[in-house]
């Protein structure tokens, strides 16, 4: 199939209908709301009468991200003869993921739903073995919006800032638009300069201060900050961590959303800790005035091993581009003994 006959979907959603059909549908709808239509492909969007295998392979050859939706039965579901479908080389899901894993320029993200766990390498056929080493994203029913927002943030990093395909074909139009924008900016600057000395609003968004407030149990942190405990297990509520107080200052940005992200690194080796627990987007700031300042306590779980660590906090703009960042001083996590 010629490449120009394929839609511009950049995200391919791979899943089994009998295992995670409802989850895939909800995720597709949520991505449409957050990223806009026609960014993600799910098989029900295929035109009637089209060869699905041919169409899917064409999409896989040009997409940027493959989301492998993994439910509880994803690896164990069988066919009518009782054979595990994942062991069949012609199994559609196996073919989709294997084809994507062969491409060095595509990101394959396992997405765990319905309480599923990540399959081990020994549970997978050889051509899917690399999937077990990919960092998974988990979607839960109780924290759906938050979990999807975290995934969407990662997808924006991968595809959100890419220029549209085949943009060169419309270069005369874009050149005219660019010229018009330059003229408009010149007129705007000149009009402000002759406006009786009036200065434009100063725009500033930054992390003014980060304070280390000490250790805290998650349940106590949620209670102290008046946050709901719904969706957390008793074991999670007993987890220990560290609280940092961030002071965010936003001037001249009323109504703009500013996501706050953070990640933890090993202070000795400089290695970034893997896993969602240590790479998160915990809050979104939206100032209601032109001079807004807020202090926000952020709880970060203790890493699995005691040691010396630091945390990097990043404030992004509405397009998920960093506008400021602060790195905490090195701190020691308590011993687990």
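The values are calculated or read from the model by the stated rules, or taken from the named source; none is laboratory data. This structure is a prediction, so every number in the text was calculated from the model and none was measured. Here the Cβ is made from the backbone with ideal geometry for all residues, glycine too, and neighbour counts use every protein chain on show.
List of remarks:
- Selection of the stretch 87-113 for residues being in a helix (DSSP H, G or I) and either under 19 Å from residue 58 (Cβ atoms) or not assigned by TED's automatic domain parsing to the domain that holds residue 148 (or both) yields 92, 93, 94, 95, 96, 97, 98, 99, 100, 101.
- Any chance residue 272 is within 23 Å of residue 211 (Cα to Cα), in contact with a strand residue (DSSP E or B) (Cβ under 8 Å, 6 or more places away or on another chain) and free of Cβ contacts under 8 Å to residues at least 40 places away in the same chain: yes
- Enumeration of residues in the stretch 296-326 that are closer than 24 Å to residue 204 by Cβ, touching a residue at least 60 places away in the same chain (Cβ under 8 Å) and in contact with a strand residue (DSSP E or B) (Cβ under 8 Å, 6 or more places away or on another chain): 297, 311, 313, 315, 317, 318, 320, 323, 324, 325, 326
- Residues that are within 29 Å of residue 90 (Cβ to Cβ), surrounded by 12 or more Cβ atoms within 10 Å (Cβ to Cβ) and out of contact with any helix residue (DSSP H, G or I) (no Cβ under 6 Å at 6 or more places or on another chain) within the stretch 132-145 comprise 134, 135, 136, listed in sequence order.
- Condition check for residue 116: under 23 Å from residue 43 (Cα atoms), at pLDDT 90 or above and either surrounded by 19 or more Cβ atoms within 10 Å (Cβ to Cβ) or not assigned by TED's automatic domain parsing to the domain that holds residue 278 (or both): yes
- Of the candidates 165, 251, the single residue that is out of contact with any helix residue (DSSP H, G or I) (no Cβ under 8 Å at 6 or more places or on another chain), surrounded by 11 or more Cβ atoms within 10 Å (Cβ to Cβ) and modelled with pLDDT under 55 is 165.
- Qualifying residue in the stretch 77-85 (condition: farther than 19 Å from residue 19 by Cα and without any contact (Cβ under 8 Å) to a residue 40 or more places away in the chain): no
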